[in-house]
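Remarks on the structure that follows.
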Amino acid sequence: MNKKIFILSIVIGIVLVINILYLSLNKKNDNKFSINKELTYLNLTTNKGIHLKTEEVLGSPSIFFFGFLNCPDICPNTLMKISEIITKLGDKSKKVNFYFVTVDPERDKVDDMNKYLTNFSKEIIGVTGSPNNIKKFLKTMHVYYEKIYLDENFYTLDHSSQIFIFKKKGDFFGTISLEEDELIVLKKIKSII
């Protein structure tokens, strides 16, 4: 009987060691949601015609909003809210990157984005690129979007409306919604500066 208890104890010990090793290895390989570190290679372009570089994006906390220029209401309302946030932050806004990334690169070209963004804070940086590279970036950012054809020649897009907050170095911090209280929004952003 003692021999059976001894063998059972050894088996239980081995199972525990295997479980601890498995959990610790999986914890080390845990893929947190963060901005793609290979961003530079996607050849994305800002509304000023400047190549978007990973080190610039990751060098400061970042706010990302995804939309498109032909959006009738959500996008302009959200960009207006971001502009108001920038104003309320005052000089602290210079410590944060504010990005508006298109989900419609076929239509939203650099010059169009630049002209459109003159209606909002000059600190908002528009981002576009080739359809393939924008698609890759949107996938890494877990952004939902879908073309909806209104007729055979014209489409709109359904897309995520949250504003994404990332800490310096690109780790995801949280989201902001249009309905959220302004004081809470400012508190969130100030906490990552």
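The values are calculated or read from the model by the stated rules, or taken from the named source; none is laboratory data. A quick note: this is a predicted structure, and the numbers were derived from the prediction, not measured. Every residue, glycine as well, gets a Cβ built from its backbone with ideal geometry; the counts of neighbours run over all protein chains shown.
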Just one of the numbered conditions (1) outside any helix (DSSP H, G or I); (2) out of contact with any helix residue (DSSP H, G or I) (no Cβ under 7 Å at 6 or more places or on another chain) is not true of G49; which one? (2)
Residues being of a type outside the set (S, T, N, Q) and out of contact with any strand residue (DSSP E or B) (no Cβ under 6 Å at 6 or more places or on another chain) - total across the stretch 151-171: 5
Among the residues of the stretch 128-147, write down those that are within 13 Å of L39 (Cα to Cα) and not charged (D, E, K, R). T128, G129, N133, I134, F137, L138, T140, M141
Which one is surrounded by the fewest Cβ atoms within 10 Å (Cβ to Cβ), of the residues in the stretch 33-46 that are of a type in the set (A, V, I, L, M, F, W, C) and part of a loop (DSSP other than H, G, I, E, B)? F33
Among the residues of the stretch 60-82 satisfying the criterion of being in a helix (DSSP H, G or I) and buried (at least 19 other Cβ atoms within 10 Å of the Cβ), which is farthest from the chain's Cα centre (by Cα)? K81
Find all pairs meeting these conditions: Cβ atoms under 7 angstrom apart; at least six residues apart or on different chains; first residue within the stretch 101-116 and assigned by TED's automatic domain parsing to the domain that holds F68; second residue charged (D, E, K, R) and surrounded by fewer than 22 Cβ atoms within 10 Å (Cβ to Cβ). N114/K48
Can you find a residue in the stretch 125-144 that is surrounded by fewer than 16 Cβ atoms within 10 Å (Cβ to Cβ) and touching a Lys or Arg at 6+ places or on another chain (Cβ under 8 Å)? no
Mind telling me which of the residues T128, T118 ends up being closer than 21 Å to N70 by Cα and over 19 Å from the mean Cα position of the chain (by Cα)? T118
From the options D91, D112, residue that is charged (D, E, K, R) and under 25 Å from I148 (Cα atoms): D112
Reported set for the stretch 135-159 where residues are of a type in the set (A, V, I, L, M, F, W, C) and closer than 30 Å to G170 by Cα is F137, L138, M141, V143, L157
Which count do you get for residues in the stretch 172-193 that are among the small types (G, A, S) and surrounded by 13 or more Cβ atoms within 10 Å (Cβ to Cβ)? 1
Determine whether K187 is modelled with pLDDT of 90 or more, under 23 Å from K94 (Cα atoms), assigned by TED's automatic domain parsing to the domain that holds N114 and over 13 Å from the mean Cα position of the chain (by Cα). yes
